[in-house]
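> The structure under discussion is supplied below as structure tokens; questions concerning it will follow.
The values are calculated or read from the model by the stated rules, or taken from the named source; none is laboratory data. Keep in mind it's a predicted model, so treat the numbers as computed, not measured. Note that we place each Cβ from the backbone using ideal geometry, even for glycine, and neighbour counts take in every protein chain shown.
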Amino acid sequence: MATFDNTHVKGWGGPWTEQKLDCFTRYVKAYLTIMNAYREKYHWKLIYFDGFAGCGDRKIQEEAVDNTIQIFGEEKVDAMDINLYQGAAERVVRLEQEMAGFDFYYFIDKYEENLTRLELKLAGYNTKGRKIFRASDANIETRNLAQAMKKDAVTPVSDSHPYHLKTLCLLDPFGMSIDWETIEQLAGKSLDLWILVPTGSIISRLIKNDGTLMYPETLERYFGLPQEQIEGRFYTKTYETDLFGEESERVIKTKNVIAEIANLYCEQLGTLFPYVTNEPLVLYNRNNVPIFHFVCASFNKTAVKMAQEIIDKL
């Protein structure tokens, strides 16, 4: 089982860092515009939930990086890939300067030091919404969120009206920190999900050319699928007969494994959410290799349509 390690990364990544933030910020602004038009009528309370908030510092981003980056030995993960600055927190809070924002802002990070820095950074923004910082595992807090959303209608906003929770959830770890069982808890909730899938930075490295999977238990936990099904998605078996009539098995790895990883994860999301972006935002490193896919899933058709339009324009 993979463990976690503190990784201290200095400096910046490439232009994909801003691309991810730009995409998400545009979506949040469009989301709030729509929700604000109906929040009073339908007694909505809006939640922003960031499961991997980080410290919000562009210079030094300390992040809990899945220890799977250590399994490659000399084939190290590029530090530029790791340093995908998250930084969504400040941009989302800052939107309250131009429009009504969220009623609650939840910032989650496993490391207390990160949250201390983030809280100081966001202290200068006076928001009507309550800012909540929790040093905890994102899987635990995401499941707590799901449980809270089950009970939303019984919490009164007044003597005569219950309020209903609407959540925008961002899960963007560097590694494979989110269990599929956690994602399953979000099914059926009034929630829009954006999730960063480490297709090229981590997962593709676990799918070896020789037909074997590295850390299959980690892949099972991440995709919510048995090892055999994952192998069947990325490998094809053929049988060849030599001149002496001896038959041998040959395993062929799928050609575009990074794209296929994204397709598989989106298909899995589609078993829980009726709407998922058909073409997620692809983030490339400095060598023009895809390292992440940024995916939106929702129970609201308009939400995903809006997300896809934003992605298509980037």
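> Out of the range 249-274, which residues are part of a helix (DSSP H, G or I) and of a type outside the set (A, V, I, L, M)? Talk me through it step by step, then tell me what you get.
The first filter runs over the range 249-274 and keeps only residues part of a helix (DSSP H, G or I), leaving 257-270.
Passing the criteria: GLU260, ASN263, TYR265, CYS266, GLU267, GLN268, GLY270.
> If a residue must be of a type in the set (A, V, I, L, M), assigned to a loop (DSSP other than H, G, I, E, B) and touching a helix residue (DSSP H, G or I) at 6+ places or on another chain (Cβ under 7 Å), how many such residues does the range 98-131 contain?
Applying the first criterion (of a type in the set (A, V, I, L, M)) to the range 98-131 yields 99-100, 108, 115, 118, 120, 122-123.
Filter again for assigned to a loop (DSSP other than H, G, I, E, B), leaving 99-100, 123.
Subset that is touching a helix residue (DSSP H, G or I) at 6+ places or on another chain (Cβ under 7 Å): 99-100.
Here the count works out to 2.
> Quick check on the range 295-307. Is at least one of its residues surrounded by 12 or more Cβ atoms within 10 Å (Cβ to Cβ), under 17 Å from LYS20 (Cβ atoms), among the polar types (S, T, N, Q) and touching a residue at least 24 places away in the same chain (Cβ under 8 Å)?
no
> Oh, and also: Just to be sure I understand the filter: pairs with C-beta atoms under 7 Å, separated by 6 or more residues or on different chains, first member in the range 30-55 and within 17 Å of THR127 (Cα to Cα), second member of a type outside the set (D, E, K, R) and in a helix (DSSP H, G or I). Which pairs pass?
Filtered contacts from the range 30-55: LEU32/LEU95; LEU46/MET35; TYR48/VAL92; PHE49/LEU145; ASP50/ALA88; ASP50/ALA89.
> Just to be sure before I move on: is GLU260 surrounded by 15 or more Cβ atoms within 10 Å (Cβ to Cβ), acidic (Asp, Glu) and in contact (Cβ under 8 Å) with a residue 24 or more places away in the chain in the structure I sent?
yes
> Next question. Can you pull out every residue in the range 69-119 that is aromatic (Phe, Trp, Tyr) and modelled with pLDDT of 50 or more?
Across the range 69-119, the qualifying residues are PHE102, PHE104, TYR105, TYR106, PHE107, TYR111.
> Select from the range 207-216 the residues that are within 21 Å of PHE292 (Cα to Cα) and out of contact with any Phe, Trp or Tyr (no Cβ under 6 Å at 6 or more places or on another chain) and write down the one among them that is surrounded by the most Cβ atoms within 10 Å (Cβ to Cβ).
LEU213
> Determine which member of the set LEU193, LEU186, LEU283, LEU219 is surrounded by 13 or more Cβ atoms within 10 Å (Cβ to Cβ) and farther than 30 Å from LYS29 by Cα. Show your work before the answer.
On the way: LEU193 fails: farther than 30 Å from LYS29 by Cα; LEU186 fails: farther than 30 Å from LYS29 by Cα; LEU283 fails: farther than 30 Å from LYS29 by Cα.
Answer to the selection: LEU219.
> Identify all residues within the range 161-202 that are β-branched (Val, Ile, Thr) and more than 14 Å from the chain's Cα centre (by Cα); write none if there are none.
Listed by number, the list holds a single entry, THR167.
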